[in-house]
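The block underneath contains the structure these notes are about, expressed in structure tokens.
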Amino acid sequence: MFDLSLLIGLPKPNSIDTSVLTPEDAAIKLRQAATLRLNGAQSILLHFPQDVELAVELLDDAAVLYDRAFRNLTGIPAQSVHQQIHEYVSVPSVEGAPAIQTPWGDEFAPVIKEGVRCAETWLEGSSLPLWWALSQNRKRHRPGDYQEAFEAGFLLRLQQTLIIRREAVTSQSTSFDA
């Protein structure tokens, strides 16, 4: 096991100074920092599922770090994190599960919402196989980012639901053990 305070104490992305590094070295450092946060989030979800909010925070920080690394390599000037968060569409929270931010902007919001609705329809007891519901409904969108945004909405809603159900089963099994 590991100490959660190590993950809680990680520096925020905007406090990681790369000004004295070459763009390539800065990108390497930022990717390493992002990977550490991704691994930490995975460990939290596996070993401490009750701390899902910390995992989500680490995932958000990893996304910001990967974005900074990409921008260092491409020369595209970085935007403030505050602006980026408001530009991205999130899959809304459900049954206590937190909202999940996507990498798509507002122009993809209707497509992501349609993916969420399609997943909810399937979860409510559709007779169609899951793969069929996804593959047939994604065809209604232009190939590329629009199909991927639809898939993200669909799969992220399924992910939220599976996490909720897993937590419910885990809490039921521990209540019987007592």
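For first residues located in segment 107-118 and touching a residue at least 24 places away in the same chain (Cβ under 8 Å), partners that are of a type in the set (S, T, Y) and surrounded by fewer than 22 Cβ atoms within 10 Å (Cβ to Cβ) and lie 6+ apart or on another chain with Cβ distances below 9 Å form the pairs F108/T102; F108/Y146; V111/Y146; I112/S90; I112/T102.
Among residues belonging to segment 132-169 that are of a type in the set (S, T, Y) and surrounded by 14 or more Cβ atoms within 10 Å (Cβ to Cβ), point out the one that is nearest to K113 (Cα to Cα).
We begin by selecting, within segment 132-169, every residue of a type in the set (S, T, Y); these are 135, 146, 161.
Now restrict to residues that are surrounded by 14 or more Cβ atoms within 10 Å (Cβ to Cβ): 146, 161.
On the way: Y146: 12, T161: 16 Å.
Checked segment 132-169; the qualifying residue nearest to K113 (Cα to Cα) is Y146.
For segment 9-51, filtering for residues that are of a type outside the set (D, E, K, R), outside any loop (DSSP other than H, G, I, E, B) and in contact with a helix residue (DSSP H, G or I) (Cβ under 7 Å, 6 or more places away or on another chain) leaves 14.
Taken together, G125, G153 contain a single residue that is over 16 Å from I100 (Cβ atoms) and not hydroxyl-bearing (S, T, Y), which is G125. Exactly one residue out of L4, L36, L46 is of a type in the set (A, V, I, L, M) and either more than 25 Å from A99 (Cα to Cα) or modelled with pLDDT of 85 or more (or both): that is L36.
Of the helices (runs of 4 or more DSSP H) entirely within segment 97-178, those holding at least 2 residues that are under 20 Å from the mean Cα position of the chain (by Cα) and either outside the structural domain of A62 (by TED's automatic domain parsing) or of a type outside the set (S, T, Y) (or both) occupy 109-123, 145-177. Which of the residues that make up segment 15-30 are free of Cβ contacts under 8 Å to residues at least 40 places away in the same chain and either among the polar types (S, T, N, Q) or under 10 Å from R68 (Cα atoms) (or both)? If the condition is that a residue be free of Cβ contacts under 8 Å to residues at least 40 places away in the same chain and either among the polar types (S, T, N, Q) or under 10 Å from R68 (Cα atoms) (or both), then S15, S19, T22 are the ones that fit.
The values are calculated or read from the model by the stated rules, or taken from the named source; none is laboratory data. Computed from a prediction, not measured in an experiment: that's the story for all the values here. Don't worry about glycine lacking a Cβ; one is built from the backbone with ideal geometry, like all the others, and counts go over all protein chains shown.
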